1. Could you report the chain's accessible area per residue, 1.4 Å probe, as an integer in Å²?
2. Taking only Cα atoms and a 10 Å spring cutoff, compute GNM fluctuations for the chain and point out the largest among SER125, SER136, SER163.
3. For the chain, list the DSSP H helices whose alpha carbon atoms reach 20 Å or more along the long axis and whose average Kyte-Doolittle value is 0.5 or above?
4. If you build a Gaussian network model of the chain, linking Cα atoms that sit under 10 Å apart, which residue out of ASN128, ASN99, ASN120 swings the most?
5. Run the helix sum for the chain: -39,500 (n - 2.57) per DSSP H stretch of 4+ residues, divided by residue count, reported at 222 nm to the nearest 500 deg cm²/dmol.
6. For the chain, with only Lys/Arg (+1) and Asp/Glu (-1) charged at the beta-carbon, what is the dipole magnitude about the Cα centre, in debye rounded to 20?
7. What distance in nm separates the two pseudo spin-label positions at LYS102 and THR194, each 7 Å out from Cα along the beta-carbon direction?
8. When the chain is modelled as a GNM with alpha-carbon springs shorter than 10 Å, which of PHE184, PHE146, PHE193 fluctuates the most?
Amino acid sequence: MKPTIRHIVMCLFLFTLPLFAQDEKLVLTEADWGRIVPFLEKEEWAGAEKIAKELFKKFTKETDESLDAQAVRYIYLCTVAGQVGDKVITKEEGVKRANLIKGKTVVTAYCVFKPKGMFNLFSISEENKGWNKCFSNNSATTIYMFEHYDMDDKELLKEPVYSRLEGKEMRLKAVVKEITAGGFAMPRLDVNFTSTDIYDAEP
């Protein structure tokens, strides 16, 4: 099945609500998530960014590293990248906004791993130096963001280890290391992540 924004959003929110509920540092409610989901489904990135920034205000020093805080950061990054790709904001403005979460830990949405995958899939980089993801719109006609993940476990870059993960849905936990932008006719964000681990994956 071709991954879509709707699929990614539903995997992140609906399928993980029980996990959020088990988090000792739970801050956001189902209603909070429900505010932003419709905007993400419709790829209305400006509206989603506004709500994400409102949700940031709910986190305190004690809850800044909770699972839902890390998830909102990744969502925020996607909303900014979406606006860059759709040419709503400039690349420079996109990098400026995205740097709000530089150095912070994020947890991605669930995504399928395919070693040679393309759009909206985790894959192995051509040099086998990390994992990649190309975040695009539903129709795969606009690239929003190139994501590169420096994996803590280097075994995940080798065969036959990574081949065993093919087709599985998973989330990654990582630290935002560097945010730049590229492309001219098709602008996008380029984000490097470090300290990356598989947060969870289907059996």
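The values are calculated or read from the model by the stated rules, or taken from the named source; none is laboratory data. Predicted, not measured: the structure shown is a model, and the values here were computed from it. Please note: Cβ atoms are built from the backbone with ideal geometry, for glycine as well, and neighbour counts cover all protein chains shown. Ligands, DNA and RNA are excluded from the accessible area calculation, which covers all protein heavy atoms including side chains. Shrake-Rupley method; radii C 1.70, N 1.55, O 1.52, S 1.80 Å.
1. About 48 Å² of surface per residue is accessible.
2. Comparing SER125, SER136, SER163 in a Gaussian network model of the chain, the most mobile one is SER163.
3. Once both thresholds are applied, what remains is 67-85.
4. ASN128
5. On the way: 6 runs with 66 residues, N = 203.
Mean residue ellipticity at 222 nm (helix-derived): -10000 deg cm²/dmol.
6. 460 debye
7. Between LYS102 and THR194, the label points sit 1.3 nm apart.
8. Looking only at PHE184, PHE146, PHE193, the biggest GNM fluctuation is shown by PHE184.
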